[in-house]
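A short worksheet on the structure shown next.
Please treat every number below as a calculation from the coordinates, not as lab data. Just so it is clear, the model here is predicted, and its values are computed rather than measured. As a convention, Cβ positions derive from the backbone with ideal geometry for all residues, glycine included, and neighbour counts pool all protein chains shown.
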Amino acid sequence: MPIFEPLLRAAEAHFRSFLAVSVRGAKALRDSFGSENDAETRGLTLLREWLSPEQLAQYQANGYFDVTGCDSGKRYRIHYGTSMNVHEIDGAGWARAGWCFVPNIYLVAGDVMLAQKIALETDELGALAVAKEFSPSRR
Amino acid sequence: MATQIVMNHTGDARYHFDAEDVRAVLKAEDRFKELTLVGFTPAVRTSSGEVALTRTFDPTAEETLFFPRLVGG
C-alpha cells in the first residue's frame, strides 16, 4: 500500500488543519458569547447597586421597577429592556402611555434602564422632551 | 477611594482614585471634563440614597456615574 501513503499523509494533514481551525473558531465564538454575557451581567449588577431598596425588591419580584418623575410627580414603570420599555402608569398601575428614550450609544439592558431611571428622577422634563411617545399596547 | 463609573458597551468601566492624591484627582477631573464635554451626564448618590445630577467635579464623591446622552428611540 505504499502508493496510498502520500495520499493518507496529505489527508491527515488536511484533517489536522481543519481541526485546528474549528477549535479556534469554537473558542472565538465561546469568548464572544462569554463577553456579551459578562457585559449583560455587569449592567444588571450596576443597576442593582443604584436602585433604591424598594425598587430593587420590586425588580427582583416582577422584572420591572417604578420611579417618580421629579417634575410632575407622575409614576413610570421601567421594564427590563433596551427600548420601548418605559410606561407612564396610573394609580392602579395601568399603563397610560409609553415613552421611548435611550442612550445614544449601544448599552446593555441594565445600563439603559439605569440611565432611564436617573433621567426621570432628576430631569424628567428633559427626558420627555427627547422621548417618543408610543401606545403601551404596542409592547 | 473614590470611583468614577462610565457606562459603555461592556457594562461599565470603573476608575478608582485616591482623593488625597493630587495627581490622581487632577486626572479624575480631566476625565470628568472630557466625558461631560462629549455628552455624558454625571450623577451621584446622596447620603440619603437618592440620585442627583452634578455639574461640577467633586473629588469627595464616593461614586460618580456617567451615562450617555439620551435620545428618542
(message) Skipping prolines and chain starts, which residues have an amide H placed within reach, meaning under 5 Å, of the one on A:Val108, given they are 5 or more residues away or on another chain?
(response) B:Gly11
(message) If every alpha-carbon in segment B:2-67 counts as one equal scatterer, what log10 I(q)/I(0) does Debye give at q = 0.14, 0.27, 0.29 1/Å?
(response) -0.37, -1.30, -1.41
(message) Output the 0 to 90 degree angle, nearest 10, between the alpha-carbon long axis of helix B:22-37 and the longest principal axis computed from the alpha carbons of chain B.
(response) 10
(message) If R₀ is 25 angstrom, what is the calculated FRET efficiency for the pair B:Thr56 and A:Ile105, using the beta carbon separation as r and rounding to 0.05?
(response) 0.55
(message) Placing +1 on the Cβ of each Lys and Arg and -1 on the Cβ of each Asp and Glu in segment B:2-67, which of B:Phe32, B:Gln4, B:Thr46 has its Cα farthest towards the positive end of the resulting dipole?
(response) B:Phe32
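Normalising by the residue count of segment B:2-67, find the relative contact order in percent from Cα pairs under 8 Å and 6+ residues apart.
It comes to 40 percent, rounded to a whole number.
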